[in-house]
1. So if I check each of I13, I24, I60, which one is surrounded by fewer than 22 Cβ atoms within 10 Å (Cβ to Cβ) and of a type in the set (A, V, I, L, M, F, W, C)?
2. Within region 166-177, does at least one residue satisfy the condition of being out of contact with any Cys (no Cβ under 6 Å at 6 or more places or on another chain) and part of a helix (DSSP H, G or I)?
3. What residue, of P79, P74, is buried (at least 17 other Cβ atoms within 10 Å of the Cβ) and in contact with a Phe, Trp or Tyr (Cβ under 8 Å, 6 or more places away or on another chain)?
4. Take the residues of region 209-232 that are away from the ligand (no atom under 11 Å from the Cβ) and in a loop (DSSP other than H, G, I, E, B): which is surrounded by the most Cβ atoms within 10 Å (Cβ to Cβ)?
5. Does region 5-27 contain at least one residue that is in contact (Cβ under 8 Å) with a residue 12 or more places away in the chain and of a type in the set (G, A, S)?
6. Scan region 178-205 for residues that are assigned to a loop (DSSP other than H, G, I, E, B) and either at pLDDT below 95 or in contact with a Gly (Cβ under 9 Å, 6 or more places away or on another chain) (or both) and report the count.
7. Between S128, S197, S121, which is closer than 30 Å to E87 by Cα and crowded, with 18+ Cβ neighbours inside 10 Å?
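The values are calculated or read from the model by the stated rules, or taken from the named source; none is laboratory data. Just so we're clear, the structure is a prediction, and the values are computed from it rather than from any experiment. We place every Cβ from the backbone using ideal geometry, glycine too, and count neighbours over all the protein chains shown.
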Amino acid sequence: MQGLFYSEIIASIKNGQKLLAVLIDPEKFSVANTLRFLSTLPEETTHLFVGGSTDENNAINEVVSGLKKHSKLPVFLFPGSHQQVTEKADALLFLSLHSGRNPDYLIGQQVRAASVLKNTSLEVIPTSYLLIDGGNKSAVARVSATTAMPQESVSEIIDTALAGQLMGAKLVYLEAGSGAKMAVSTPIIEGVKKTLSIPVIVGGGIRTKEQREQAYQAGADLVVMGTVFEAV
Ligand code: 1GP
């Protein structure tokens, strides 16, 4: 059965609407600043994503509660580990790091989260997560101990994304890494969009409206921007 939040994404895409998620890293976010932070976001924002490669202070619960209190936008968890789960959010991107070959991030973390997720009302959205080289070593590469796929390996990236879809992923996330020097390139986004039928998320290193538009033009359905809003 298709959940409400996923159905909304599909419906928006059918209506030609492009989606924008702002990513909040709980480790770098001050809950006291929630209202001010929300007031600085572009009006095109459609989703709030919360998560990070690490969450040492276990702040995710409090951060999500604050966002839910002050915003009507859907809050999706974008977890760096099985510990970043809170029922206060609306949905969870159930990520599998298909670009890497570390079993812990392909299935291990997911097994540890499974029984918790079964007992929550969170909408769980299986997501094929591909780390693509953004020109600097990303936190994802460091924490997962995997190597990003080179941007030149377009056909391998497309095949990996397609395998993810064939394994049941409902979304594909092309990730250049937070603070990437280079965002995911147009040929990669175009190729994945053309080959797959599931919505395409693109994030990492997108700082301007122009870059965002470029990603949409290439075929991104949802763009994620994080670092650029962190300085608030
Ligand atoms: C990181 O894709 C997101 O997981 C967002 O990246 O912080 O570079 O915007 P930025």
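1. Values: I24 fails: surrounded by fewer than 22 Cβ atoms within 10 Å (Cβ to Cβ); I60 fails: surrounded by fewer than 22 Cβ atoms within 10 Å (Cβ to Cβ).
The match here is I13.
2. So in region 166-177, the residues out of contact with any Cys (no Cβ under 6 Å at 6 or more places or on another chain) come out as 166-177.
Remaining after also requiring part of a helix (DSSP H, G or I): 166.
Yes - at least one qualifying residue is present in region 166-177.
3. Details: P79 fails: in contact with a Phe, Trp or Tyr (Cβ under 8 Å, 6 or more places away or on another chain).
After applying the criteria, what remains is P74.
4. It comes out as A220.
5. Yes, the conditions are met somewhere in region 5-27.
6. Within region 178-205, the first condition is being assigned to a loop (DSSP other than H, G, I, E, B), and the residues that meet it are 178-185, 196-199, 204-205.
Among the residues that remain, those that are also either at pLDDT below 95 or in contact with a Gly (Cβ under 9 Å, 6 or more places away or on another chain) (or both) are: 178-184, 196, 198, 204-205.
Count: 11.
7. Details: S197 fails: crowded, with 18+ Cβ neighbours inside 10 Å; S121 fails: crowded, with 18+ Cβ neighbours inside 10 Å.
Of the residues listed, the single one that is closer than 30 Å to E87 by Cα and crowded, with 18+ Cβ neighbours inside 10 Å is S128.
Yes/no matrix, rows are residues, columns are (1) without any contact (Cβ under 8 Å) to a residue 12 or more places away in the chain; (2) within 9 Å of the ligand (Cβ to nearest atom); (3) polar (S, T, N, Q):
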| position | (1), (2), (3) |
| --- | --- |
| E175 | no, yes, no |
| G179 | no, yes, no |
| E190 | no, no, no |
| T195 | no, no, yes |
| V202 | no, yes, no |
| R207 | no, yes, no |
